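Worksheet for the structure shown next.
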Amino acid sequence: MVDDIAGQYDRLAPNGAHLPSLLASILQQAPDDATRATILRGIARHLEQLTGDVRAIGLDQDELRNVQSLFIEDFQGRKLMPRAISDGTLRFLALAMLSQDIRPALYCIEEPENGLHPTRIAKLIDMLLAISVDRHFPIEQSNPLRQIIVTTHSPIVVSHVPDDSLIYVESLRRKMMTGSGTARYISIPAFRWLKGTWRSRLAPEPRKAVARAHLFSYVAPPTNGNSTYRSVLDNPEIQAMLGNAGESNQ
């Protein structure tokens, strides 16, 4: 991550660039210094829950060069500049910042759990759910219109996401005839949801609703070479989860 020219950007780029500008924009939305301090503490707290050893974050302004630079302060009082911060920490810092951004937005994130210890994935899911709009309450400044679309192959992520928020995407092979009369096969996505959720009530097509246990046949198996399980379904923890899901769907 490089420094940003002050005032040039106000949102993240698709590749995650412009974190200093995003933080500056979020702080500019605050009405006073006390609110800005609360925002910084909230971002630092979220990041500490995900990565550990984070006491504070801040923004340095170089008036001479008109650039902004982000820094993290650890519990030893060391001030870490962007080039000393790992890519994983910067990625989670971006998520922590988005939790404090009240502007309406749609965020698409691929496998956000990468680089995160499995025991902290639940905190990550809690943060993502807090960022997204709560459909049970009116849209307002405290509940802005924000949606998050996450892709994952992680059984741990799937186990922590509420049923209403899970969508299973299946690739279907379809035959199409070309203008010359020859057959051509293409793959198209098919979206399915869990039984008993609001989607299944709005679109009650039995073939489109699946049980939560069905999802674990498709998530990635453990990648640890020392694992004694040949697949996710062999893991006793997943088996217990499948048993509970089967009981709830009877």
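Please pick out the residue among E113, E170 that is in a strand (DSSP E or B) and either closer than 26 Å to W193 by Cα or polar (S, T, N, Q) (or both).
E170
Which residue out of L98, L80, L124, L128 is of a type outside the set (S, T, Y) and more than 22 Å from V161 (Cβ to Cβ)?
Of the residues listed, the single one that is of a type outside the set (S, T, Y) and more than 22 Å from V161 (Cβ to Cβ) is L80.
Residue check: is E237 part of a helix (DSSP H, G or I), modelled with pLDDT under 85, of a type in the set (D, E) and surrounded by 10 or more Cβ atoms within 10 Å (Cβ to Cβ)? I'd like the intermediate steps shown before the answer.
Working: part of a helix (DSSP H, G or I): yes; modelled with pLDDT under 85: yes; of a type in the set (D, E): yes; surrounded by 10 or more Cβ atoms within 10 Å (Cβ to Cβ): yes.
So E237 fits the description; yes.
For every residue, the table says whether it meets (1) of a type in the set (S, T, Y); (2) in a helix (DSSP H, G or I).
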| residue | (1), (2) |
| --- | --- |
| L12 | no, no |
| G16 | no, no |
| L23 | no, yes |
| T35 | yes, yes |
| R41 | no, yes |
| A44 | no, yes |
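Pick out the one residue from R41, R55 that is basic (K, R), closer than 21 Å to I125 by Cα and free of Cβ contacts under 8 Å to residues at least 24 places away in the same chain.
Details: R55 fails: closer than 21 Å to I125 by Cα.
Sole residue among the options that is basic (K, R), closer than 21 Å to I125 by Cα and free of Cβ contacts under 8 Å to residues at least 24 places away in the same chain: R41.
For (1) polar (S, T, N, Q); (2) surrounded by fewer than 17 Cβ atoms within 10 Å (Cβ to Cβ); (3) touching a strand residue (DSSP E or B) at 6+ places or on another chain (Cβ under 6 Å), each residue gets a yes or a no:
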residue: M127; (1), (2), (3): no, no, no
residue: P138; (1), (2), (3): no, yes, no
residue: H153; (1), (2), (3): no, yes, no
residue: I156; (1), (2), (3): no, no, no
residue: S165; (1), (2), (3): yes, yes, no
residue: T182; (1), (2), (3): yes, yes, no
residue: L194; (1), (2), (3): no, no, no
residue: W198; (1), (2), (3): no, yes, no
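Please tell me if G7 is over 25 Å from L124 (Cα atoms) and assigned to a loop (DSSP other than H, G, I, E, B).
Judged against the criteria, G7 is a match.
Whether any residue in region 144-156 is farther than 30 Å from Q100 by Cα and part of a helix (DSSP H, G or I) is what I want to check.
No.
For every residue, the table says whether it meets (1) buried (at least 17 other Cβ atoms within 10 Å of the Cβ); (2) at pLDDT 90 or above; (3) under 18 Å from I102 (Cβ atoms).
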site: N15; (1), (2), (3): no, no, no
site: S21; (1), (2), (3): yes, no, yes
site: A34; (1), (2), (3): no, yes, yes
site: L40; (1), (2), (3): yes, yes, yes
site: I43; (1), (2), (3): yes, yes, yes
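Look at M176 and say whether it is aliphatic (A, V, I, L, M) and buried (at least 18 other Cβ atoms within 10 Å of the Cβ).
Judged against the criteria, M176 is not a match.
In region 105-123, how many residues are farther than 16 Å from T152 by Cα and modelled with pLDDT of 90 or more?
Qualifying residue count for the region: 2.
All but one of (1) in contact (Cβ under 8 Å) with a residue 60 or more places away in the chain; (2) part of a strand (DSSP E or B); (3) under 27 Å from A122 (Cβ atoms) hold for L93; which doesn't?
(2)
Considering only region 169-178, I want to know if a residue exists there that is closer than 28 Å to A122 by Cβ, aliphatic (A, V, I, L, M) and at pLDDT 85 or above.
Yes, because at least one residue in region 169-178 is closer than 28 Å to A122 by Cβ, aliphatic (A, V, I, L, M) and at pLDDT 85 or above.
The values are calculated or read from the model by the stated rules, or taken from the named source; none is laboratory data. Note that this is a predicted model, so its numbers are computed, not measured. FYI the Cβ positions are ideal-geometry reconstructions off the backbone, even for glycines, and counts take in every protein chain you see.
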